[in-house]
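Novice: Got a structure here, written out as structure tokens. Questions coming.
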There are 2 protein chains.
Amino acid sequence: MSPGPVDAAPGTRPVRGATYPPGTIGAMDSSNTRRQATRQKLFEAAVTLIAEQGFSSTTVDEIAERAGVAKGTVYYNFASKTVLFEELLRHGVELLTTSLQNASDENAERGGSHVDGLDAMIRAGLHFISRYPALTQLYVAELWRTNRAWQSTLMMVRQRAIAVIEAELRDGVAAGELSEDIDIALTASALFGMVLVAALDWQSYQPERSLDDVHAALSLLLQGRVGGGAVAPG
Amino acid sequence: MSPGPVDAAPGTRPVRGATYPPGTIGAMDSSNTRRQATRQKLFEAAVTLIAEQGFSSTTVDEIAERAGVAKGTVYYNFASKTVLFEELLRHGVELLTTSLQNASDENAERGGSHVDGLDAMIRAGLHFISRYPALTQLYVAELWRTNRAWQSTLMMVRQRAIAVIEAELRDGVAAGELSEDIDIALTASALFGMVLVAALDWQSYQPERSLDDVHAALSLLLQGRVGGGAVAPG
DNA sequence: GCTTTTGAACTGACCGGTCAGTTCAATTTC
DNA sequence: GAAATTGAACTGACCGGTCAGTTCAAAAGC
């Protein structure tokens, strides 16, 4: 009759596409099992396609084809298309926050100022975006969308990235290096947006320019050489 | 004869869902025919739904239902779902560029500096986003997506908005008010992104704050009081 | 021999687009 | 000025295609 129960297959078969150990995602784990490799291929295929077309326009068949596996394999590795996407998001944010945090830490270790720290994070952000443009596009497209199933996942993602910037700002203020008048949360958002949009435009419309070039332009803005550089502060 | 053709169709029949005079979109025209009203309702329904769910997850049935019309009416007024969306985009960018341009012009008239002009545009941008949050979300979600049918429409849209900012920057440099070192295109992008992301975060996460408040925070950044304000310029 | 992958088949819901028919305010006719 | 006519605007059932998800027997690794 029916092809089978929609949910909770009765005991027998391998629990296909069941919730997989959520810790070991992507290339994070060193033990490179065969399955890990397949999952990685699926991530890479999915991120590109979804960035290009959006989540719902991307079919599971396409993902499987691009990854070079059979459709059944997708469902062997992930419970559903949605779950695949959610794990992808979690995987991605890990890469970004690590990158930002490293930039901040390394700057601190070499004795740089907090403004230098922000500058280093701008560079790290640019580097990340140029390396994972599809992932970035995908976040941007989904981040402020309401009524989404993965809304909470995305908020967590955003919060983790912003928090790193906020910490640097806070430390800068505490050290007397930044004005006490600044609004930490809003400034962090604004800086984040500045890098995000500038980088995406760079990738989309002027890809021939170097990272240093773009970084220099943003540095000027950060250091107030655009609108206030020539004006003596009160 | 008829209740009044909106644009004097030369042919006989109602040329169903044909390309409609692109000039008269939305509530722009004062002559409020029945059809105009319907189109306006459809725009409003579509912009909200697409902002929430994305283009392809939004069904024509949903749009029709939210607008309070039958599905057929959608296809009577627009050739396809895609065309409806494209006209929506064009309609929206008109509002934004006008708003930015007005802010710039009014500042110039009252004898403000070019930095003041940028500041006024930031304010105008914030105002726009708080007034049309759904439209903004929608642009952000689609703007950097590749392989889209309306790619060219979006590029045009972006270019028109950015051009207004670039002009102000260029004038500022020419007037000796801004550093000659700045990269016009990149700085314009960055400023655009700064406002965009800060505003969306404001709307999403701190909606109780006032526009003035947010504007003040971004002004500080523009005028270099964050990273460079305390440092005496060379 | 277990895990993993394959690939084809199938299902049922969903969705964009169509179209024959209906409505009704403006216009024309008498 | 009442009746008839017109046709733009609107309606909603319907059609054909698409796709997520499921299943499974067989093959391929390790």
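The values are calculated or read from the model by the stated rules, or taken from the named source; none is laboratory data. Here the structure is a predicted model, which means the values were calculated and not measured. Note: ideal-geometry Cβ built from the backbone for every residue, glycine included; neighbour counts use all protein chains shown.
Novice: Find the residue count for the range A:169-191, including only residues that are in contact (Cβ under 8 Å) with a residue 40 or more places away in the chain and part of a helix (DSSP H, G or I).
Specialist: Of the residues in that region, 4 qualify.
Novice: Filter the range A:153-192 for residues that are closer than 17 Å to B:Gln206 by Cα and of a type in the set (Gly, Ala, Ser); which is surrounded by the fewest Cβ atoms within 10 Å (Cβ to Cβ)?
Specialist: Looking at the filtered set, the residue picked out is A:Ala163.
Novice: So which of A:Leu211, A:Leu218 is assigned by TED's automatic domain parsing to the domain that holds A:Arg158 and crowded, with 19+ Cβ neighbours inside 10 Å?
Specialist: So the residue among A:Leu211, A:Leu218 that is assigned by TED's automatic domain parsing to the domain that holds A:Arg158 and crowded, with 19+ Cβ neighbours inside 10 Å is A:Leu218.
Novice: Another question, then. Find the residue count for the range B:56-69, including only residues that are modelled with pLDDT of 90 or more and assigned to a loop (DSSP other than H, G, I, E, B).
Specialist: 4
Novice: Quick one: is A:Glu65 more than 20 Å from the chain's Cα centre (by Cα) and within 16 Å of DNA strand C (Cβ to nearest atom)?
Specialist: Yes: the conditions hold for A:Glu65.
The rows are residues; the columns are (1) closer than 26 Å to B:Ser204 by Cα; (2) crowded, with 17+ Cβ neighbours inside 10 Å; (3) in contact with a helix residue (DSSP H, G or I) (Cβ under 6 Å, 6 or more places away or on another chain).
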position	(1), (2), (3)
A:Thr59	no, no, no
A:Asn77	no, yes, yes
A:Glu94	yes, no, no
A:Gln151	yes, no, no
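Novice: Out of contact with any Phe, Trp or Tyr (no Cβ under 8 Å at 6 or more places or on another chain) and outside the structural domain of B:Leu154 (by TED's automatic domain parsing): does that describe B:Ala51?
Specialist: Yes; evaluated as a whole, the condition is true for this residue.
This table checks each residue for (1) under 11 Å from A:Leu126 (Cα atoms); (2) more than 7 Å from every other protein chain (Cβ to nearest Cβ).
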site: A:Asp171; (1), (2): no, yes
site: A:Ser179; (1), (2): no, no
site: A:Ala188; (1), (2): no, yes
site: A:Gly193; (1), (2): no, no
site: A:Leu200; (1), (2): yes, no
site: A:Gln203; (1), (2): yes, yes
site: A:Glu208; (1), (2): no, yes
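Novice: Is it true that B:Leu95 is modelled with pLDDT of 90 or more, in a helix (DSSP H, G or I) and either away from chain A (no Cβ under 14 Å) or away from DNA strand D (no atom under 11 Å from the Cβ) (or both)?
Specialist: So B:Leu95 fails the test.
Novice: Here's another thing I want to ask about it. What are the residues in the range A:31-57 that are crowded, with 19+ Cβ neighbours inside 10 Å and of a type in the set (D, E, K, R), if any?
Specialist: Answer for the range A:31-57, where residues must be crowded, with 19+ Cβ neighbours inside 10 Å and of a type in the set (D, E, K, R): just A:Arg39.
Novice: What's the total number of residues in the range B:66-92 that are touching a residue at least 12 places away in the same chain (Cβ under 8 Å) and within 16 Å of DNA strand D (Cβ to nearest atom)?
Specialist: 17
Novice: Further question: Return only the number of the condition from (1) at pLDDT 90 or above; (2) closer than 22 Å to A:Trp144 by Cβ; (3) buried (at least 21 other Cβ atoms within 10 Å of the Cβ); (4) at the interface with chain A (Cβ under 8 Å from one of its Cβ atoms) that B:Ile122 does not satisfy.
Specialist: (4)
Novice: What do you reckon, is B:Ala108 among the hydrophobic types (A, V, I, L, M, F, W, C), within 14 Å of another protein chain (Cβ to nearest Cβ) and under 17 Å from B:Glu166 (Cα atoms)?
Specialist: No; evaluated as a whole, the condition is false for this residue.
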